[in-house]
Structure formats: structure tokens, C-alpha cells
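Enquirer: Sharing a structure with you now.
Read-outs throughout are calculated quantities, based only on the coordinates presented, and are distinct from any laboratory measurement. All of these numbers come straight from a predicted model, not from anything done at the bench.
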Amino acid sequence: AECYTLAILELAAMAIAIASPASVSLLGMKVIASATGDNDSEDSYGFPHSPYPVQRALMKEVYRTLEHGGVAILESPTGTGKTLSLLCPTLAWLKRRERDVLADALIAEDGESTAAEDWAAEHRRRLASSMADSHLRRRKKRWEFRRQRLQRSSALTERGTVHREKHRRVDHTWVPAPAGDAEFSLEQPLTLPQLEDPSEADERLAAEEEAFVTKLQVIFCSRTHSQLAQVLHEIQRIPKDSVPEHLSVVTLGARSNLCVNDSVRARAHSGAMHLNDLCKKATEKSKEVGGCILKKQAHNLADAALTQLMDIEAMVKRARAPVGGGCPYYGSRQAAREADVLLVPYASLVNNDTRRKLGIRTKGNVLIFDEAHNLLEAISDANSVSFTSVQARVAVDDLDIYAARYEARLSPGNAMRLRQVRQFCTLLHRHLAGLEKSSAQTVGAFLVSISADHFDLPVLSRFLEETELPRKVRGYVAAVRVSIGSASSSASSSSVYGIAELLGSLNGSTGSDRILCQAKGPDCDAPMVRYLSLDAEVRFRELFSSARAILFAGGTLEPRSEFAPLYSGLSAKTDAVNQVHHFSGRHVVPSAHIFARYVTHGPGGQALDFRKDQRGTSAMVAELKAILSSAALSAPGGAIFFFPSFDFLATVAPPSGSKIGGRCVFVETRGAENGGEGIFRSFAAAVRRDGGAVLLAVNGAKLSEGIDFKDDLCRLVVVVGLPYPNASELGLLEKMRFLDRCRAEGAPGLSGKEFYTARCMKGVNQCIGRSIRHAGDWAAILLLDHRYANAAINNSVSLWLREEATAANFSETEGAMRAFYKGRAAAVAAAAASVAAAVAA
């Protein structure tokens, strides 16, 4: 009935267009709005409960961006249900509009001309609509096939044996690996299966796969897999009638997250790259001793991932099942192209090479970046490479060992390229070994300085990739060391891979990129070279330009102008302002739940100044210790103090195991295991056991981001000072100079000074966001430093806190904070009494 109504409305629009062409676009928009509910102010998009006004406003903005395309920068404080507010309108839009978007894409592929006759345009439109319906039927049929195959693969026959699927297999004869060490030769071709001639079944499979070429997908990105697992949990809360039928959500991850072959993992003693090598080798030789057959059963995991909602842990558990198991890494890759939603860590999407290997397609799709405040740093880090003098020395040794065995056997071309790689490593090691002073150079100047400007970088980079030289060098050298009883170091395992990464980066560099040559010093254990990608917009352009819509979401995304370089490359034919949407939401908690102060003076009347050259004075340390003792005694539940550095924390923190006011003190340590989860669990247990505890952590470390300190775990947050980064750090200086050059040339974005301040205030806002995690939560938040009273500083504080905060000395703050806690205790008691009365009634 709905389709019939839409058809009648479309015909009416066509009739009106004949009389008044200008009116058709307006009517068309009304038709779409009526069908999708976009004009319905009460549309909750399947939100599982009655949304707050800020949630409704955010969902409406998300839907509008998806409908019209472009970029949205969306701020919603932590605790306001941001993730669910992103997912509900996105999945509702996908359910309502997938067919129309698919038809539009098919018309675009057909190359429709705007000058075409009305009848021709209408014919193309009807044909595209018919093709879209056909694609959707094929996709549904494919989903049903996977569901049934999954049931059969997990079922037992009446005899109790595993049911075997009767499907055609790739017909090939296994050829064992050649004797000796020939498998490490650059001249050794890969052994590939001989494919059958195309059959009718193959043609049907090809037709089914064609239906997914233009599939509309939502690619949801966050920093960690634990955060992506929470996203999946939120999706499961949305009513099924508000999301696409047979919704499929696939999580993509690295082998280090997904490999379930314990034998292979046990041998991967040198990190992720070693695991990748061993996995490839084991799957290529699946029928030999030490081989892995799980890749051949990866379709079981692909079927499960597409027909069931599973996070990383569930996929790994399913993969280990004795019946219906398989490889989750290859299974998730097989499933990726058919999924409605892909859950992807930042690093897998922002790096072009990783994205290509995982088969992630961004053209025409929707990209959502949660926790986007760190996105530009993630792009820069994913495209930067570091290489130490130790690695360079080991690379020279490993290549010499390999060349002694194989160089005489290689073709003249391969032998020459191998010598050039060895020479490049030797020149690089010689340069780093003699490095006495740190410096920053352009790529060209660096190559000249190490006498390597005559190398053909594209040819060398391609040689390393096509011959798989790093994998073969590692394999051969490891075998040699085992034979002589020598252990392989982690530097050896990554040496030639590091050279391959460095050459690849140098080959793809831009004029804005820099090479940092860092001499040995307090912050650098060994001389090193670092390729630094400064222009994130260039790295992101391919991703950005092909997507339908991109949503940047976070608790605080100020300054918004930081994102401007990402969308400044919009076509001159479009209005960039109308392509970029901004949204900033208020907190869902009432003002009575928030106590906020900029504390300018300590209990002794001393102005609080925690700049690096002042914070270590006896006066500042005494004031801070007095605040620590008083605040810890005042706060019910957990009290969390964030310090600007580990070094400063060490000057203030009491001995491990001590107490303040009878409350246990827990101190974050540098390089804490499991991201500080052990410290967090101990702290949480003490809060629940004793009614309160004190946690001393560091701004920018593990406990300042991504940890959920809700309810009694955090009734007080204290941010000590302003955590400005080290102003003498070479990479930071180059970034600031680059931004100043861009500003001078009229490019949008931050200046160097603004970027420096933004780095600091992002850390402050992340610490603030550890508190007040839901609508019923409450906490006190103190920012200690007289500089917070300056508008230039506090204008970068999260809006919801800025509206509540005032400047005061600690004596005034202490009394007001005690009154706040007393009021909250009375409110909680009254609420409990009301509930008890209701239950009794």
C-alpha cells in the first residue's frame, strides 16, 4: 500500500511538472519527507525509550545529513546517549531509503544526461528502479542461503556425525613445498589452485556478488574494539522494526585480535607482523604439518557474522567451536562486502593500505567517526613511520645473510634491487650512527643528506612488495638462527619490514611531509628517523571525496575549525557552507547535578600556578596536598585527580598503599598493564567496599579516556593545571610551523598556537568527561589553576560545564561543594523514600 501511494504521488508530481517545472522539486521533497518521516518533529527513529530534547535534536540533524549528504560535526556531552542517538536515525534512514539510494546509484552508473528527453529519463528511472528491486531480492536470497548453510554446518546427523555441505570445491592438486630453503627465494612462484571452468553455479554466484557491488553501507569507526563492542550492544537495543530487515553488522579486526590458531599464535613471538607472516605461511600449506585449515572454513564465520550480531569476543568463541568453526579473520573479510554496518577501528580505515587489504569500500557509503576529537592525530599516526639505528643495523645484517645465500641465484634485475636495498640500509645506519643533533628536513633534503637521492624509490618500494622480500628475509634468517641456536630479537623480526614501510612512505610523500632525525637523548633511547605526515587532509581526501556523508561525533569537538582542512577540498561547484552541518547539544542532566569551579587560589591564599617551572615549588606542592586531603574527605564515593605528567604526580603522590582521610589511594603508573584496567578494578572495589577511594591519574594516559567512572565511582573530578604538550618536541614544532604556513596562505584550519592550545584543552575535556555518565548521575568538577579564569582558556572548556562554572578560591569552593554534596544526599534519600512508599502502596 505504501509503494502504491508513493507511485500515485510520483505520477502527480510528473503531471504538475509539465505545467510548472519549478514546482516539481518542492513536491518531490514533500513526497520524500512524507515517506521517510523526515518532516515529523515527533519521529523518534526507533529510539528505545522517549528521547530527551537534545537526543531528538541530534537524531534529526543526523537524519538530515544522511538525506542530503555532506559533513556533520556533532557535539553531545558524554552521558547523553550519543552513540544510540547516532545509530537510531542512521539505521532508520538505511531502512527507509536504501532502495531509493540504490536506484539513484544505478541511474548514475548508466550515465543519465540532464538534457535527456522526459520519456527517456523516465524510462531510465523505471529501469533503475526495477534493477534495484532485483538487487535487493538477490541480497535477501543470499542472506537466506547463508542462514541455511550455517544451520547445516552446525548440525549433527542422526548418527551423531557432522553434516557435510554438498557444495562444489575448487579442484586442485596439492603441490608440497620444494625441498630445502627454496621457499625463501625471490624467484619462487606462488603455488595457486587451478580453477574449474565457469559453471552455471559460478554464474549464479557472480550474479549474487554483483548485487553487492553498489551496496549502501554504514561504516562506524571508534578507537578501540571495546568501544565497538559497546556500539553493537546499543544496536541490539533498537527495536527490530526500526532497522533494515535481516540487519547484518560485521566487526573487522587484525589477526592479532581474531586469530584462533593457538599453534601459530605461540610461534608469533615478535608481534603482529610476525603473526601475519606465520598465518599466510600456515594457510598456504594447510595440509602440511603446522598448516592451518581454518581459512577453508572461513565461510562458516562469514555466515555467522552476517546472520547473527556478534562482537570480536563472540566471533572468536564461535570460531573455536568443534562444529561449524573457522577462521574469524578471513571470515569477517568475506562478510564485509555484504554487511549493512561495518564496525572498524580508526587505524584500519584512515590508512589507505590497510583499508584496501580489508576490502573496505567508502564510495557512496556513510562514515561515522565516534570519539572524533583524536581523528586527525590518528590519521597522522597511521601514516607516519619510525625507524631506529638498531633496526637499521639489524636490517643490514639480515640482508647480508640473505644475500650470501640467494643473490647468486637471482635474476639480474632482482639481484640489482636487492643490492640497492642493502645499500640504502647501510647509508641510513651510517647516518643515524653519526647523528649528534636532532633536526627536521624535507624528504628531498633527507635523501641528499644520507647520499640516497639517486635511488628510484617507486621501483624499490614496488620490488619489496611484489617479491615479499621482508617476509622471506625474516623466514630465512629466523631459520638460520634456529639452526645455530641463536634467538631472534624483536628488532630482527621487524627490521626489513621497517625499511619497506619507510620506503613506501617516502615514495608517497608530499611536499608538506617532514623527516625527523632524532639524536639519542632523555626522550630517545637510540638515534632514529621518523617520517611525519603533517597534512592530514591529503591523507583523508580520497576517503572523504567518495563518501555520501561523513559524521564526526564526540563529547567536545572544539575548536571545530580543526576539521576544516578535511572538507576544504569540496568541489567549487558546491556551496561548502551548506555541505557542512554543525550541532552542539546541552547535557541531559539538570544544573542541580553539576558543581563546577575554576579554583584560582589554594587554601593558603597562594595563586595556583601549575606551569612546568612553577608547579614543583614547595608552595605549590603544599597547596595541592592541602586541596587533595580536604577534597578527598569531602567527596562521597570516588575522587579522581588528573595530573599534567607522571613526573609531577610522583612528587605529590603518597606511598603506595597509604590512605588519605581513611580512604585508600590508588596511583596510575607509567606503562600500566592492560591499559590500567587492574588499577581501575582495584579502585572500583575499594569504592564499593569502603564507600570511597582516591585515584591519582595522569591527563592523557590510559585512565583519562574511555573509562566509565559512573555513579559512586566518580563524585569528584579534579584537573590539576593545564596539560600543555612539550613545546620543544620536534614533531610538534614542525606541525605548528606547517599550520602557520597554511594560515598565511589563506587555508582554513588552526594556527600553530591554536593547535597547541587545542591539544591541551582536549586533554582537560576528556578528564572532565569521566564524570556524569548518564541522566541521573551527578558530580563536582574542579579545575585547579588561576589561568582557567581567563576567557581565552575557559572558552575551550566543554560548553555544558562552562555554563555552570565560576571562578573562586578554594576556601569558597570547599564550603559550596560541601553544601552541594549535602543537597544531593538529601535528594537521593527523598527519591529512595518515594520509591519505598510507591512499593509499599
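Enquirer: Please say if the range 408-560 is rounded, prolate or oblate, where rounded means a/c under 1.5 for a ≥ b ≥ c the square roots of the C-alpha gyration tensor eigenvalues, and otherwise the choice is prolate for a/b larger than b/c and oblate otherwise? Could the numbers behind the result be given before it?
Expert: Values: a/c = 1.69, a/b = 1.50, b/c = 1.12.
Verdict is prolate for the range 408-560.
Enquirer: Tell me, how many Å apart are the Cα centres for the range 232-286 and for the range 501-572?
Expert: Result: 27 Å between the Cα centres.
Enquirer: Based on Cα coordinates alone, diagonalise the gyration tensor for the range 576-669, multiply each eigenvalue by 5, take square roots, and list the semi-axes in whole Å, largest first.
Expert: Output for the range 576-669: semi-axes of 32, 19, 16 Å.
Enquirer: Compute the distance from the alpha-carbon center of the range 624-652 to that of the range 730-771, in whole Å.
Expert: Their Cα centres are 28 Å away from one another.
Enquirer: Along the range 82-93, what does the Karplus equation 6.51 cos²θ - 1.76 cosθ + 1.60 (θ = phi - 60°) give for ³J(HN,Hα), rounded to whole Hz, x for Gly and Pro?
Expert: Once rounded to whole Hz, the list reads 4, 4, 5, 5, 7, 6, 4, x, 5, 6, 5, 5.
Enquirer: Also: Using the Karplus curve 6.51 cos²θ - 1.76 cosθ + 1.60 with θ = phi - 60°, work out ³J(HN,Hα) for each residue of the range 721-735 in order, rounded to whole Hz, and write x for Gly and Pro.
Expert: Per-residue couplings from phi come out as x, 10, x, 5, x, 5, 5, 9, 5, 4, x, 5, 4, 5, 5 Hz.
Enquirer: Now for a different question. Among the listed pairs 141/281; 60/702; 95/710; 520/762; 357/472, which have their C-alpha atoms separated by more than 27 angstrom in this model? Mind dumping the intermediate values first?
Expert: Numbers: 141/281 35 Å; 60/702 34 Å; 95/710 34 Å; 520/762 30 Å; 357/472 20 Å.
Those over the limit are 141/281; 60/702; 95/710; 520/762.
Enquirer: Could you derive backbone 3J(HN,Hα) for the range 365-374 from the dihedral phi with the Karplus parameters 6.51, -1.76 and 1.60 (θ = phi - 60°), listing whole Hz in sequence and x where the residue is Gly or Pro?
Expert: 9, 9, 10, 10, 10, 7, 6, 6, 5, 9
Enquirer: Give me P(r) over the range 610-769, computed from all C-alpha to C-alpha distances, binned every 5 Å, as integer percentages.
Expert: Reading the bins upward from 0: 1, 9, 17, 19, 18, 13, 9, 6, 5, 3, 1, 0.
Enquirer: Over 22 Å apart: what share of the alpha carbon pairs of the range 271-405 falls there, rounded to a whole percent?
Expert: Working: 4949 of 9045 pairs.
More than 22 Å apart: 55 percent of the Cα pairs in the range 271-405.
Enquirer: Express in whole angstrom the spacing between the alpha-carbon centres of the range 775-840 and the range 328-374.
Expert: Cα centroid of the range 775-840 versus Cα centroid of the range 328-374: 40 Å apart.
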